[in-house]
Amino acid sequence: MRVIYSRPHLQGRKLFEEILKYGQTWRLGANEATELDVFQPVTIGNKKLPVGRYTLYAIPKAGYWTIAVNNDLDLWGLKQDVSKDLLRVEVPVTYYNPVMEYFTMVFEKSDTGANLIIAWDDALVKLPITI
């Protein structure tokens, strides 16, 4: 797998007051829609995802984020067509982590595959992906 995204930064702004809004869809980055490339079948949230290219979106809430995997590709900005969502999964968010000035996404190996770590400011989400 690989994830392709743009890295906005805080620049002195407050994440959930000036950049993101709870309950509103976010493209997980800036500029082009964030892409997840899957090179072998995986499972996310008890749903199988075949090999392919996908876009990722999030709907942040105070205690959890909904992560959507969508098959609408090559988009600029936030033009999510929810009818093309292949799956949605709710994952817990933690706060008071070390502050990340730049939005960051990275894979972390797990016993069942990998977690996609999504972090910005002091918020951190782990999306479990089973291989």
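Read the figures in this text as sums done on the coordinates, not as results from a lab. As the structure is a prediction and not an experimental result, all values here were calculated from the model. Here Cβ is always computed from backbone atoms with ideal geometry, including for glycine, and neighbour counts include all displayed protein chains.
Per-residue answers, yes or no, for (1) assigned to a strand (DSSP E or B); (2) over 15 Å from LYS126 (Cα atoms):
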position	(1), (2)
VAL3	yes, no
GLY12	no, yes
ARG53	yes, yes
TYR57	yes, no
ARG88	yes, no
ASN97	no, no
*Filter the stretch 80-120 for residues that are within 11 Å of the chain's Cα centre (by Cα) and among the β-branched types (Val, Ile, Thr); which is surrounded by the fewest Cβ atoms within 10 Å (Cβ to Cβ)?*
VAL106
*Please go through the stretch 14-51 and pick out each residue that is part of a strand (DSSP E or B) and either loosely packed, with under 15 Cβ neighbours inside 10 Å or touching a Phe, Trp or Tyr at 6+ places or on another chain (Cβ under 8 Å) (or both).*
TRP26, GLU32, THR34, GLU35, LEU36, ASP37, VAL38, LYS47, LYS48
